[in-house]
Each structure stands twice: as C-alpha cells, then as structure tokens.
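The values are calculated or read from the model by the stated rules, or taken from the named source; none is laboratory data. The structure presented is a predicted model; accordingly, all values stated were derived computationally and were not measured. Don't worry about glycine lacking a Cβ; one is built from the backbone with ideal geometry, like all the others, and counts go over all protein chains shown. Keep in mind that these areas ignore ligands, DNA and RNA; they rest on the heavy atoms of the full protein, side chains included. Shrake-Rupley method; radii C 1.70, N 1.55, O 1.52, S 1.80 Å.
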Amino acid sequence: METAERRFGIIAGDELPAFKLLLSCPAGLSHSEVSSLFDQKYDRVRHPDISLEETIAEIWERRVQQNTSLYNGLKFRYGGYTIGGGPDSSQKTDVCLHLGLTDYRTFVGTNLNPLWERFLLPSEDDWRRCQHTSNPLGNGAIVETSNKEVVVLQRSANVGEFPDHFVFPGGHPEPKEVGITRHQTDGELTQQMVDKKVSQEMFDSIIREVVEEIGVPAATLGKPVFIGISQRVLNVRPTAFFFIKCSLQSEEIQQLYSSAEDGYESTQLYTMPMSELVHVTSKMPGCHQGGFALYKLMLDAAKEN
C-alpha cells in the first residue's frame, strides 16, 4: 500500500532561497478530498515581547497614513494540516487544512514587519515556528488555456506587496464570504457545518479570484484541483495553489482581460507555454515560485502515469 508521504510528496525544510513547499499533492485533490478544521487553537499567539507586539499597531498606522485606501479585514490563518482523516472520521478525507482567524492589520504588523524574523521561534515544526505571525492563507491558480498555455499577470506598481512582479492569479479565501466574523460561541452552527462552509470557500474563492482578476466567465473554468501549499521564505507567507483548466484559448482570454473587475491590481496579462514560463518564475514572489514548482511536480507525476 502506498504511504501518505509517498503519495503526497511532502517536502519539509527545502533549502531553497525563495520558497519552501509545505505540502505537495502532485496527483491533485478534488473538493471531496480536502476538508478544513476551523478552530480558535489555530489563531495567532501573541508574542511575549510587549515592545515587539506594540510595533504591529505602529506599522499599521504608518501604512494607513501612506495609503488611505488600506482597510483591515478578516482572513483565514494557516495552522498546518493533517493527512488521512478530517473532523468527521466517517467521511473520506485525504487532506484536512487547519485554519484559524487573523486579519490584514496583523499580517502587515507581523509578516511584513521589518522585524518579522523576531516573531519566529527556533523550531523545525513550521506551525510552532510561526505561531506568533499572522500567516493568512493566500491562494493562487495555475490556469491552463485550451491551447496549453498558462496565464500570468504583471502586478501594478500600486499594490502593497511585490509591485511590478509577475504572479499567477489569486488572492485569499475570505471568511466574510461564508458569514464568519468570529469563532462560534452561540451554537448557531455545529462545528461540522462551519468546517464544511470553510472547506467550500477554499475552492469557491479561487474561482472567484480568477474571474475577477482575468475577466473570464466562471462557466469557462473547470473544477479547481488542489496541488499543495508553498511558503515564501521571506516573511513566511503561505499560499494554497490550485490547477484549473479554462476552455478558452489564449487570444480569447487576452480580449476579456480588459474588462476584468480587479484589473487595477495588474497591468498586463500574459499567456505562455512551459518553455517560456520557466524563465519568468525568477521574477515572481517566492510563494508563486513555489506554485510553479507544485505545477511542475503535477506535470511530472502525470507523465509517469
């Protein structure tokens, strides 16, 4: 019987300069094979250094003064994963994502803090090492056109992180989209119901981000396939990546991009074959370089089969 480690190709502690792969699923997982466990125990733990904690508010205030359009919002916090079982043992689940709550303000004040490394603990366990950082879980999509090219965006000079860099379409799963404003305390929903809604948002959000950022109709996109999680070494930023097939050709996507809802976040859309994509990844943020590595592992696994 194939072990979970062999099946999922888990990579821990990769000594790569820009990214680390926290989880690789080269066979790709459907929504039915990915669940979520949403719990307060996966929230950020305050750092015992009070002066370091105080820099969170100071940095946020400075950022807001520099950019008045900035606003705080809730995000799902990445707290690790388990393989081979979810919160409901009667349901077949291959990967269970552990998620808490955080917000953009805390992300700016911890992960994007010039002192971000001081928030980390010396530990080989990634969850323990990052317990004092915000670590909102981002998402990214490898969108493959019908003529076998991949969609890449060039970010605007006005965005907060990595302006002018190349990226794959993506953003964040959003707690507000499933009605989550806090951890449940009044028993309105069972834990199982909440976890199911959060899991659904993991897959719904990546479709929503692709539609908003590149302008294609949702009906032209296939079902997302989860291929893993990469972490940017700089600022320990985690991102879940998905593979999505689009029924449109590259030229059709280029035409639709001009009317994309979130077009202000990027200035240009490119579609390119793997031979060109290889040369662009060095100009991507580390977490997106990791997304490309996950995509390549998926392609390699498909060739072997």
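Of everything in the stretch 101-125, what is in a helix (DSSP H, G or I), out of contact with any Pro (no Cβ under 9 Å at 6 or more places or on another chain) and touching a residue at least 40 places away in the same chain (Cβ under 8 Å)? Give them in sequence order.
Within the stretch 101-125, R105, V108, G109, W116, R118, F119 meet the criteria.
Going through the stretch 15-30 one residue at a time, which ones are modelled with pLDDT under 95 and surrounded by fewer than 16 Cβ atoms within 10 Å (Cβ to Cβ)?
Within the stretch 15-30, E15, L16, P17 qualify.
Which residue is surrounded by the most Cβ atoms within 10 Å (Cβ to Cβ), if the candidates are limited to the stretch 199-236 and must be among the polar types (S, T, N, Q) and part of a helix (DSSP H, G or I)?
Restricting to residues being among the polar types (S, T, N, Q) and part of a helix (DSSP H, G or I), the top hit is S199.
If I filter the stretch 132-145 for residues that are at pLDDT 95 or above, open to solvent by less than 10 Å² (accessible area, probe 1.4 Å) and on the phi > 0 side of the Ramachandran plot, do I get at least one hit?
yes
May I ask you to verify whether Q184 is open to solvent by 70 Å² or more (accessible area, probe 1.4 Å) and either in contact (Cβ under 8 Å) with a residue 12 or more places away in the chain or not hydrophobic (A, V, I, L, M, F, W, C) (or both)?
For Q184, the condition - open to solvent by 70 Å² or more (accessible area, probe 1.4 Å) and either in contact (Cβ under 8 Å) with a residue 12 or more places away in the chain or not hydrophobic (A, V, I, L, M, F, W, C) (or both) - is met.
Check off (1) open to solvent by 70 Å² or more (accessible area, probe 1.4 Å); (2) at pLDDT 95 or above; (3) within 15 Å of H165 (Cβ to Cβ) for H288 and give me the number that stays unchecked.
H288 satisfies all of (1) open to solvent by 70 Å² or more (accessible area, probe 1.4 Å); (2) at pLDDT 95 or above; (3) within 15 Å of H165 (Cβ to Cβ) except (1).
Can you name the residue in the stretch 172-198 that is assigned to a helix (DSSP H, G or I) and out of contact with any helix residue (DSSP H, G or I) (no Cβ under 9 Å at 6 or more places or on another chain) and is also modelled with the lowest pLDDT among such residues?
Q191
Test E174 against the criterion of being open to solvent by less than 10 Å² (accessible area, probe 1.4 Å) and more than 30 Å from S282 (Cβ to Cβ), and give yes or no.
Against the criterion (open to solvent by less than 10 Å² (accessible area, probe 1.4 Å) and more than 30 Å from S282 (Cβ to Cβ)), E174 does not qualify.
Failed condition for E251, given (1) over 14 Å from V216 (Cβ atoms); (2) modelled with pLDDT of 95 or more; (3) open to solvent by 60 Å² or more (accessible area, probe 1.4 Å), with all others met?
Against the list (1) over 14 Å from V216 (Cβ atoms); (2) modelled with pLDDT of 95 or more; (3) open to solvent by 60 Å² or more (accessible area, probe 1.4 Å), E251 comes up short only on (1).
Just to check your reading of the model, which residue among R77, R44, R63 is open to solvent by 20 Å² or more (accessible area, probe 1.4 Å) and outside any helix (DSSP H, G or I)?
After ruling out the rest, the residue left standing is R44.
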